[in-house]
1. For the residue pair Asp101 and Arg144, what label-to-label distance in nm results when each label sits 7 Å from Cα along the Cα-to-beta-carbon direction?
2. Dividing the Cα radius of gyration by the Kirkwood radius, what Rg/Rh value follows for region 394-440?
3. For region 301-349, with every protein chain kept in place, what is the accessible area per residue (1.4 Å probe, Å²)?
4. What translational diffusion coefficient, to the nearest whole µm²/s, does region 53-98 have by Stokes-Einstein, given a Kirkwood radius computed over alpha-carbon pairs, a temperature of 4 °C and 1.567 mPa s viscosity?
5. Taking the Cβ-Cβ separation of Arg303 and Asp388 as r and a Förster radius of 41 Å, what is the calculated FRET efficiency to the nearest 0.05?
6. Give me D for region 295-409 in µm² s⁻¹, whole number, from Stokes-Einstein with Rh from the Kirkwood sum over alpha-carbon pairs, 25 °C and 0.890 mPa s.
7. Would you mind checking the pairs Lys322/Lys422; Lys184/Lys322; Lys104/Lys184; Lys322/Lys406; Lys110/Lys422 and listing those with alpha carbons more than 29 angstrom apart?
8. Whole-Hz Karplus ³J(HN,Hα) for region 373-388, in order, using 6.51 cos²θ - 1.76 cosθ + 1.60 and θ = phi - 60°, x for Gly and Pro?
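The values are calculated or read from the model by the stated rules, or taken from the named source; none is laboratory data. Here the structure is a predicted model, which is why all the values come from computation and not from measurement. No Cβ is skipped: glycine too gets one built from the backbone with ideal geometry, and neighbour counts run over all protein chains shown. Keep in mind that these areas ignore ligands, DNA and RNA; they rest on the heavy atoms of the full protein, side chains included. Shrake-Rupley method; radii C 1.70, N 1.55, O 1.52, S 1.80 Å.
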Amino acid sequence: MARAALALALAFVLAAPAGAPAATGIHKIKHVVVIMQENRSFDSYFGTYPGADGLPRDAQGNFTTCVPDPNAGHCQKPYHDPSLTNAGGPHYQGSATEDIDGGKMDGFIKTVEKSGDLDTDRLGCAINLRPLDCVDVMGYHDQRELPNYWTYARNFVLQDHMFEPSLSWSLVSHLYMVSGWSAKCANGFVPSTCVANNTFPDADGVPESNNPLLQQITGAALGLLQPADLDDLPNSPAPPDFAWTDITDLLFRHHVSWRYYVQRGTEPDCPTGAMVCVPVPQAIQTPEIWNPLPDFATVHANRQLGNIQNTNRLFRAARMGKLPNVAWVVPSGDDSEHPPGSILAGQEHVTNIINTLMAGPEWRSTAIFLAWDDWGGFYDHVAPPTVDGQGYGLRVPGLVISPYAKRGYIDRQTLSFDAYLKFIEDDFLGGQRLDPANDGRPDPRPGVRENQPILGDLRNDFDFTRRPRRPLFLNPAQHILNPPLPHL
């Protein structure tokens with residue numbers, strides 16, 4: 001028996017291709033994991049991080065920014081906010097435009113005070129045991145509230161010019177994250193019927209139909225206060241909403257494995273982009289705000305719905321050395337950092353994921369991209385660039401964590417979530433882009449976002465000439481009472 005096994009092993013070795021060349025450069029990365037959290041601006045998390053393009057100060061260290069507060073009749077400067085829960089501000093497309101105010105970046109308090117969502121602000125303030133009329137969009141956190149995020153920045157790469165892909169809210173940002181576009185389609189199977197839309201590309205929660213059946217599906221059925229989108233019901237025969245090509249279609253054609261991991265719980269955002277709503281259950285294979293792929297015709301046509309899985313499957317795959325080539329990870333509402341959720345809970349969720357990836361046998365070939373999908377109404381002082389008439393949106397935190405990531409490096413390139421697509425395409429697809437001119441599914445998107453001259457290259461965040469670095473395990477529950485941050 002042993003002799004037969006040895007003969008079989010020898011035959012396998014002799015049949016295997018000889019001396020496959022070792023991977024070089026970007027191709028040392030065999031696994032890309034995008035972790036997307038919720039609703040924080042760069043200045044609100046890293047505005048005082050040493051060396052970053054943070055909150056402007058004078059030579060004495062005093063903040064030079066003062067944003068008008070119309071209700072109070074004076075302006076408000078940035079201040080340290082020790083609270084672990086926040087209220088934030090409205091984050092519609094119109095809110096972004098008002099916050100930016102033509103580049104003056106001075107509308108953040110005004111948009112909260114004029115918003116119909118002000119009750120949410122009062123809710124957040126009440127949770128924080130502060131006055132009921134407070135507005136906290138000028139507050140910032142630092143290593144006292146965010147020890148692990150700041151530790152990752154000190155030991156890996158912090159991106160201080162990462163912009164959300166458009167002037168809008170969560171659903172739109174997640175569409176750009178997986179497809180480089182946000183649009184509304186007259187026919188969910190015909191890409192040419194899609195028109196750019198950065199407000200409500202899906203009909204979730206928006207009563208646009210006079211169909212009696214649509215009007216009958218109310219909040220009592222789905223936990224919503226508005227009529228629901230028929231195609232979002234489990235096993236619905238209604239066509240999907242998104243007809244254009246997403247990155248998973250290209251991955252499928254190139255035989256590149258992917259997974260989209262969704263944490264069970266509640267949706268982190270509201271169907272209409274409002275600041276507060278009745279919590280909605282977050283399902284795995286039902287199209288939702290943070291889970292748009294079940295709404296893409298390509299995912300259905302390629303029979304890839306099974307690649308949308310519970311986050312528990314990510315932990316199992318990491319431990320067993322069976323990570324997909326490309327993965328996205330989205331949280332439940334309670335772990336998302338979406339106001340008024342706890343930033344400590346979000347940090348714990350993210351740290352657990354990163355610790356598990358680092359402990360697995362494939363850490364040496366993994367790149368983790370961590371970002372927050374939109375600014376959540378929080379102040380940021382950098383006016384976003386204009387790209388193809390659709391973006392960019394406001395600045396958000398971005399981190400790169402990998403055994404090949406540069407140590408303590410601040411990446412000052414202009415970036416957006418399109419850079420994730422570009423990295424994936426360069427690593428696994430031979431540089432093929434989400435280009436309707438050559439993907440066989442032409443759509444009228446205004447341009448190929450990955451080819452924008454302003455967009456930086458994430459390869460600059462890596463040093464592939466050095467030996468891979470060892471893992472950096474952090475305490476997931478670390479908080480402001482913990483000892484100083486490790487710096488390895």
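1. Distance between label points: 2.8 nm.
2. 1.05
3. Working: 1820 Å² over 49 residues.
With the other protein chains kept in place, region 301-349 gives 37 Å² per residue.
4. Here the translational diffusion coefficient equals 99 µm²/s.
5. E(calc), rounded to 0.05, equals 0.80.
6. On the way: Rh = 16.7 Å.
For the chosen part, D equals 147 µm²/s.
7. Distance filter (> 29 Å) returns Lys184/Lys322; Lys104/Lys184; Lys110/Lys422.
8. Couplings: 6, 8, 7, x, x, 6, 5, 8, 8, 9, 6, x, x, 9, 9, 6 Hz.
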